[in-house]
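What follows is calculated from the coordinates using simple rules that are stated; it is not laboratory data. Nothing here was measured: the structure is a model prediction, and the numbers come from that model. Cβ placement follows ideal geometry from the backbone for every residue including glycine, while neighbour counts extend to all protein chains displayed.
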């Protein structure tokens, strides 16, 4: 069994992803932050393609 903190994070992720969907006209933005850099992606969920990626 996973710790409650991880279960809560995964439940929140599933709940948000169920509501958010990207299209070519209005893509979904995914942001990943680490200690050294930030990675941003614009994703079209209709075609399952990454439109743009930017990193620092």
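Give the relative contact order (percent, whole number) for the chain; include only Cα pairs under 8 Å separated by 6+ residues. Each step should come with its number before you reach the end.
On the way: 66 pairs, mean separation 13.4, N = 56.
The normalised contact order for the chain reaches 24 percent.
Could you check the simple spin-label distance between residue 1 and residue 14, using points 7 Å along Cα→Cβ, in nm with one decimal?
1.6
Run the helix sum for the chain: -39,500 (n - 2.57) per DSSP H stretch of 4+ residues, divided by residue count, reported at 222 nm to the nearest 500 deg cm²/dmol.
Numbers: 1 runs with 16 residues, N = 56.
Helix-only estimate at 222 nm: -9500 deg cm²/dmol.
Kindly identify the chain as rounded, prolate or oblate by the Cα gyration tensor criterion: order the square roots of the eigenvalues as a ≥ b ≥ c, call it rounded if a/c is under 1.5, otherwise compare a/b with b/c, prolate if a/b is larger, else oblate. Please list the in-between numbers first.
Values: a/c = 3.37, a/b = 1.34, b/c = 2.52.
Since a/c reaches 1.5 but b/c is at least a/b, the shape of the chain is classed as oblate.
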